[in-house]
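Undergrad: Take this structure first; my questions come after.
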Amino acid sequence: MPEIAKQAQSIGDLIGRAIRLYRQNFLIIVQVLLLPSAGATLGKIGLQWGLIHIKETSIFLPAVLCMAIGFALSLWFLWVLTLRQVGLVKLLESDGLSFSVAYQAVKKRGWAIFFIFLLTHLMVFANVALFIAELVVLAVAANVASINHVFLAVMGMLGFVGGCVGAIYATLFTFVAFASVALTNQKFGPLLKETFALLGRDLKRASWFVILLSIGLAAMVPPLTLPLMGLTLVDAMKPRAAAEAWLGNGQYSLFTLVVAQSWESLINMVIWPIMFFAHGLLYRDLKMRQHASDLLLELERLEIKRA
């Protein structure tokens, strides 16, 4: 896998380079992610099947058991997929580094990744809680005749924008922190401090990066989901009585469920590696711009050659 560029790049260059890295290393990515993606798919199928059939008294216990096992499998393989994708980011350090070595190094820092997950979920929870609290306050205030409703609408819009900003920051924090775990050997405290500092000094540029990356990836999703749309169309063309029964029970056929979850996992094998690569490149770019890390690295190499 090629090394990260040794000079600062534009947002478009970073995103384009992430997509090229995915294309150039497609076979490696498939080998790394295929088995855990299959395991996660199996877990999601079990979870969804259990949720669909849990209301049926005759198979209540099997449905609950299937749901519990599916949930556990989904969580476990999500964890494995995260570790493996952080390992893929670590491969960006050097051409000669094998994935097995990178993966073992990342596994040793599993607790750091776990705590990053926890912090991310706390950020999301706080963001959602604040937005809900604002909606409650606005709903109560709307019943007060003396308060201008235009003012309430503006405040609601500002709250929505604030929620979007919070979501962008949580995304940036998560993936930049993952990149720091992959590309440095810092302890957890300094790692968090550096991540907040890097984003705080260049939040505007980093936010535009996330927005443009999200737009680019969102544009890739509709073509990738065309087969699922075709499957939905086939289901809609069933005989009327069967279709009404199918829709009325809120159930999918097992074939549809398996195909939908499997195809979703294949789409994730495209979207998420690009996300990880892009934020790995962003992390190095921020370090170059703010800490001149490229110059420091070159000085270290010159010192080694002199020795």
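The values are calculated or read from the model by the stated rules, or taken from the named source; none is laboratory data. What you see is a predicted model, and the numbers here were worked out from it, not measured in a lab. Positions of Cβ are generated from backbone atoms using ideal geometry, with glycine treated the same way; all protein chains shown enter the neighbour counts.
Undergrad: Please indicate, with yes or no, whether at least one residue in the stretch 128-150 is closer than 24 Å to Ile271 by Cα and without any contact (Cβ under 8 Å) to a residue 12 or more places away in the chain. Walk me through it before giving the result.
TA: Taking the stretch 128-150 as the starting set, the residues that turn out to be closer than 24 Å to Ile271 by Cα are none.
No.
Undergrad: Scanning for something closer than 22 Å to Tyr169 by Cα and either without any contact (Cβ under 8 Å) to a residue 12 or more places away in the chain or out of contact with any strand residue (DSSP E or B) (no Cβ under 9 Å at 6 or more places or on another chain) (or both), does the stretch 89-96 turn up at least one residue?
TA: Taking the stretch 89-96 and keeping what is closer than 22 Å to Tyr169 by Cα, we get 89.
Checking the rest, the ones that are also either without any contact (Cβ under 8 Å) to a residue 12 or more places away in the chain or out of contact with any strand residue (DSSP E or B) (no Cβ under 9 Å at 6 or more places or on another chain) (or both) come to 89.
Looking through the stretch 89-96, at least one residue is closer than 22 Å to Tyr169 by Cα and either without any contact (Cβ under 8 Å) to a residue 12 or more places away in the chain or out of contact with any strand residue (DSSP E or B) (no Cβ under 9 Å at 6 or more places or on another chain) (or both).
Undergrad: A follow-up question, please. May I ask you to verify whether Leu224 is farther than 23 Å from Asp13 by Cα, under 19 Å from the mean Cα position of the chain (by Cα) and among the aliphatic types (A, V, I, L, M)?
TA: yes
Undergrad: Any residue that is surrounded by fewer than 20 Cβ atoms within 10 Å (Cβ to Cβ) and at pLDDT 90 or above - is there at least one of those in the stretch 44-63?
TA: no
Undergrad: I need every pair where a residue in the stretch 269-290 that is in contact (Cβ under 8 Å) with a residue 12 or more places away in the chain has its Cβ under 7 Å from the Cβ of a residue that is outside any helix (DSSP H, G or I) and of a type in the set (Val, Ile, Thr), sequence separation at least 6 or different chains.
TA: Leu281/Ile4; Arg284/Ile4
Undergrad: Looking at the stretch 70-77, can you tell me whether even one residue there is farther than 27 Å from Leu191 by Cα, hydroxyl-bearing (Ser, Thr, Tyr), surrounded by 19 or more Cβ atoms within 10 Å (Cβ to Cβ) and modelled with pLDDT of 90 or more?
TA: Checked against the condition, which is being farther than 27 Å from Leu191 by Cα, hydroxyl-bearing (Ser, Thr, Tyr), surrounded by 19 or more Cβ atoms within 10 Å (Cβ to Cβ) and modelled with pLDDT of 90 or more, the stretch 70-77 yields at least one hit.
Undergrad: Would you mind finding the one in Phe115, Phe151, Phe125 that is surrounded by 12 or more Cβ atoms within 10 Å (Cβ to Cβ) and of a type outside the set (Lys, Arg)? Walk me through it before giving the result.
TA: Working: Phe151 fails: surrounded by 12 or more Cβ atoms within 10 Å (Cβ to Cβ); Phe125 fails: surrounded by 12 or more Cβ atoms within 10 Å (Cβ to Cβ).
Just one listed residue meets the conditions, Phe115.
Undergrad: Can we say Thr82 is over 20 Å from Ser180 (Cα atoms) and either of a type in the set (Val, Ile, Thr) or touching a residue at least 12 places away in the same chain (Cβ under 8 Å) (or both)?
TA: Taking the combined requirement at face value, the residue does not satisfy it.
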